[in-house]
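Visitor: To start, I am sharing the structure in question, which I have written as structure tokens.
Laboratory data are not the source of any read-out in this text; all were calculated from the coordinates shown. Owing to the predicted nature of the structure, the values given are computational and were not obtained by experimental measurement. Note that we place each Cβ from the backbone using ideal geometry, even for glycine, and neighbour counts take in every protein chain shown.
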């Protein structure tokens, strides 16, 4: 197995540390939020393709797995040119540009959430879920919830943090514990708001343990947190971010339609609104929401993706 990543990215540190071989390629994607940053793409993309061809020609893979995003483009494009079968994995409901570009030639597109297959008509899809680290265990949350977990994802979320701190007195009155992963940007706020029943932190490398304590997850609608929460079978209150073309809004909508979540639009989120929504939470639907979350969750996602690769490669 060979991993191909972005030169200058965190994979240059974590992949060798995990004992795997890495090829790093200089590549960048289309920036929708700052279009002027795309001026270098006519130079960067051909260089990335040539590097991808060199990697594929040297390694001679039986199958190539593209895990979504622009980083996969050089190796997947090279696989297509060399007539090597490839599989794609799409995390968001709305397929990204790279997935849309290469989907037609893919043997299979592995998806994460319901609805992605409707955007990829004429393409074979399999809902595998997102491969997760070990430790996420299906459980039955308490009704009404005793502990809530608030997280803005790996980078944190300023608006979500501010709403939590604004409402913290009311939250700690209502719940036995408020677990809050605020991200590096929230370090000062975590320290300033230390109190009983509030467990604040900037980062955790043990999200399975936090999910095992929580009964309700309040978060952005990034697919990583969604995959973790549904693997445990937890209901969600989602506040999707509006960046990146609004892909999180579509993720949240898919969870709401499936009955696993409710949502607050980002522009409406305040501490007062958070308390209002939580106080009005339809707890008679809480158990069905947990069950819907568990149906979406894929604790065996890695095995499912591996099965697809075996089928495609014939090995």
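Visitor: Which peptide among 82-90, 277-285, 3-11 comes first, and what is the full order, when sorted by highest mean count of other Cβ atoms within 10 Å?
Guide: The peptides rank, most packed first, as 82-90, 3-11, 277-285.
Visitor: Which order do 306, 118, 132 fall in if you start with the one that has the fewest other Cβ atoms within 10 Å?
Guide: In increasing order of surrounding Cβ atoms, one gets 118, 306, 132.
Visitor: Moving on to the next point. In nanometres, what is the gap between the two model label sites at residue 192 and residue 133, each 7 Å from Cα along Cα-to-Cβ?
Guide: Label-label distance for residue 192 and residue 133, simple model: 3.0 nm.
Visitor: Another one. Got a sec? How would 137, 181, 63 order by Cβ neighbour count within 10 Å, fewest to most?
Guide: Ascending number of Cβ neighbours within 10 Å: 137, 63, 181.
Visitor: For residue 268 and residue 17, what does the FRET efficiency come to when R0 = 30 Å and r is the distance between their Cβ atoms, rounded to the nearest 0.05?
Guide: 0.10
Visitor: Kindly state, to the nearest 0.05, the FRET efficiency for residue 184 paired with residue 209, given R0 = 22 Å and r defined as their beta-carbon distance.
Guide: Taking R0 as 22 Å, the efficiency between residue 184 and residue 209 is 0.65.
Visitor: Given a cut-off of under 8 Å on Cα pairs at least six residues apart, what relative contact order in percent is computed for the stretch 147-296?
Guide: Answer for the stretch 147-296 is 25 percent.
Visitor: Which value in nm describes the separation of the simple spin-label points at residue 146 and residue 291, placed 7 Å from the Cα toward the beta carbon?
Guide: Here the answer is 2.3 nm between the modelled labels.
Visitor: Now, a different point. How would you rank 247, 180, going from fewest to most other Cβ atoms within 10 Å of each one's own Cβ?
Guide: Listing 247, 180 from fewest to most nearby Cβ atoms yields 247, 180.
Visitor: I want to check the label-to-label distance for residue 173 and residue 59. Put each point 7 Å from Cα in the C-beta direction and report it in nm to one decimal.
Guide: With each label point 7 Å from Cα toward Cβ, the separation is 5.7 nm.
Visitor: Once Rh for the stretch 161-315 is found with the Kirkwood sum over Cα pairs, what is the Stokes-Einstein diffusion coefficient at 4 °C and 1.567 mPa s, in µm²/s?
Guide: D = 78 µm²/s.
Visitor: Moving on to the next point. What FRET efficiency comes out for the pair residue 104/residue 256, r = Cβ-Cβ distance, R0 = 25 Å, nearest 0.05?
Guide: Taking R0 as 25 Å, the efficiency between residue 104 and residue 256 is 0.25.
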